[in-house]
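The values are calculated or read from the model by the stated rules, or taken from the named source; none is laboratory data. Everything numeric in this text was worked out from a predicted model, so none of it was measured. Because the Cβ atoms are built from the backbone with ideal geometry, glycine has one as well, and the counts that use them run over all protein chains shown. Just so you know, the surface numbers come from the protein's heavy atoms only, side chains and all, with ligands and any DNA or RNA stripped out. Shrake-Rupley method; radii C 1.70, N 1.55, O 1.52, S 1.80 Å.
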Amino acid sequence: QVQLVESGGGLVQAGGSLRLSCAASRRTSSSQVMGWFRQAPGKERECVAAIRWSGGTYYADSVKGRFTISRDNAKNTVYLQMNSLKPEDTAVYYCATRESVVVTTTPWEYDYWGQGTQVTVSL
């Protein structure tokens, strides 16, 4: 079992920045991929970024150039730096981990999830 705890959400004006953190209780040899997802009211959960602990990243087109995913292997923590935020970025953001080395954007292919953190971007 892996527990994930997100932090760093909040309210920010458009154009502002936030950094989300996701701390994993442990990292197994098989849990190689961490993903950040978001879900807005009435919309499906979507993957915005993912990273392998050994390197390699994915970004959704909607966040490329604005969001950066990074990791601190020593702390078992993954970060999502969000810059130039837009009102359409408003959502609950979740981190998740997958027991595979293959990066995927499909929510049901992730094995463990955090509780989510609200990000609200105002005009």
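Inter-label distance, Gln81 to Ser17: 0.6 nm, where each label sits 7 Å from its Cα along the C-beta direction. Think of a 1.4 Å ball rolled over the protein heavy atoms: the range 71-123 then has 49 Å² of accessible area per residue.
Computed about the Cα centre, the dipole magnitude for the chain is approximately 280 debye when only Lys and Arg (+1) and Asp and Glu (-1) carry charge, each at its Cβ. If you run the Gaussian network model on the chain, springs between alpha carbon atoms under 10 Å, then out of Arg19, Arg66, Arg45 the most flexible one is Arg66. For the chain, the share of accessible area belonging to carbon and sulfur comes to 47 percent (1.4 Å probe, ligands and nucleic acids excluded). Applying the Kirkwood pairwise sum to the alpha-carbon positions of the range 54-123 produces a hydrodynamic radius of 13.7 angstrom. The order of Arg27, Arg38 by accessible area, most exposed first and with a 1.4 Å probe, is Arg27, Arg38.
Using a simple spin-label model with pseudo-atoms 7 Å out from Cα toward Cβ, Asn73 and Ser7 lie 2.4 nm apart. Computed from label points 7 Å out along Cα-Cβ, the spacing between Gln118 and Arg27 is 3.1 nm.
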